[in-house]
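Worksheet: one structure, shown below.
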Amino acid sequence: MAMKPRSQLSAVEVEALMTTLVQRLEECSVATQPEVAAKILQLVQQCDAGMSDFSKVVRSDAALSGRMLRLANSAYFAQRSPVTNVDRACVLLGVERLRALCLSYYISQDAADPAHELSRRIWGQSLFRACLAGQIAQRTGGACVAEAFVIGLLIDVGVPLMARLGGQRYLDMLEIAETPTQRHKRELDTLAFTHVDIAAVLIDRWKLPELLAKPIIWHHTRPAPAEPRDDLQRLHRIAYCVGMLDLDHAPGGVCAPAAAHAVARAVLHIEQAQFAEAVSVASNEYHSVCATFADVADAVSDLAALAQRAHERMNAEFESFILTDPDPQGIATFDFVAGVVEVETDSDSSAIAYLRDSSGRRLVSFRFNPGEHSPQSILAQLGVEPQGDDDIHRLAAHLRRLAA
């Protein structure tokens, strides 16, 4: 019997799917974490970990030491004399970049397939997303730059593994000229699982902290229009931004400058010029960082064209997904203390509300008629305390649209 599409699975079926994916990834012989990676992950989760802590870990691994020295001696840092000491290289790189690169390097060794052309291409593009995410983070408050880099790198971590599990059918899907957002929708509607599901399994295995895990899992979920309240919401916006950029296909058109300006402010709360600067600096940084990952990633041959596609796709996609009203037939998300609440419509004009945990799994569901229930009654059925006026108002507005 054919498996149901991912979009039609119940919460119980999603739980079973995740268990199955864990088993299938083990059968694919995905490598286990080395000891050094475990140490780095521990440091990443320690807010008081400093330069000396990361430097000690780098010195303990010859491969990592060599890559950090190579990066420190790259044209990006323009040193007058060669950097030959690991400690000096670490100081030059800075603790934010160092922790991002160390964690990213070992995760890439774990999940990449150096012998597969698709894997090398995706990881090469992911490095550009990582550089861009870090640069955007610097321009949206300056916090969590290292986290943004790792998130950008891991957004598509499930794509090469989807090809290994899905075979030629998935490879054919990748040849269709559509945006990442459209492709994810196609995965949901036609496949038993998506690249986001695989990412969720890997994230759980790596035991990544919530600040990294949630934005990766939510990168195809439209962020709330309200001003981001914390680092998690800010990183979600960045993940959404870099995750929707189509780095394979040329866009259908370019928005007018005024529209692009409005888009940058609406999504990232930065000026259009700041986004353009982030793309430019990320492109320069990419040249050096890509050499650090040369054994698992292919460098993009035409970086100028890639940067231009980033500009154009940002303009086109952001106007479509952010400046227009949400599709009342799609999935809307609302953040609460107890977790994320998703609301989606069903074919019989009813709707289903789900409570989702930090790994993206749907835990509790409640079917309702949009015209007969208030936000408070729906949240009560899910066991969610109605806190946060912005999300209560957004949920109420969404219910009105569904009932119209």
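Any chance you could run the full-extension gain for residue 8 through residue 62? It's 0.36 nm times the residue separation minus the Cα-Cα distance, nm to one decimal. Don't jump to the answer; show the numbers that get you there.
Values: separation 54, 0.36 × 54 = 19.44 nm, distance 4.80 nm.
Here the segment from residue 8 to residue 62 would lengthen by 14.6 nm.
Using 1/(1 + (r/R0)^6) with R0 = 60 angstrom and r between the beta carbons of residue 401 and residue 84, what's the FRET efficiency to the nearest 0.05? It comes out at approximately 0.45.
Extension gain, residue 273 to residue 185: 0.36 nm times the residue separation minus the Cα-Cα distance gives 28.6 nm.
With K and R counted +1 and D and E -1, the other residues having a Cβ less than 14 Å from that of residue 117 yield a net charge of -1. Protection proxy ranking of 172-179, 235-242, by the mean of other Cβ atoms within 10 Å over each peptide's residues and highest first, is 235-242, 172-179. Using the average count of surrounding beta-carbon atoms within 10 Å as a protection proxy, the listed peptides 184-191, 121-128 rank, highest first, as 121-128, 184-191.
The alpha carbon centroids of the range 174-221 and the range 43-70 are separated by 29 Å.
Straightening the chain between residue 230 and residue 175 buys 16.0 nm, computed as 0.36 nm per residue apart minus the Cα-Cα spacing.
If you take every residue apart from residue 79 with its C-beta less than 13 Å away from the C-beta of residue 79, what net charge results, scoring Lys and Arg +1 and Asp and Glu -1? List each step's numbers first, then the result.
Working: positive: 70, 80, 88; negative: none.
My count for the surroundings of residue 79 gives +3.
Rule-based calculations on the coordinates, nothing more; no lab input. This one's a predicted model, so the numbers in the text were calculated from it and none came from an experiment. Cβ: placed from backbone, ideal geometry, glycine included. Neighbour counts: every protein chain shown.
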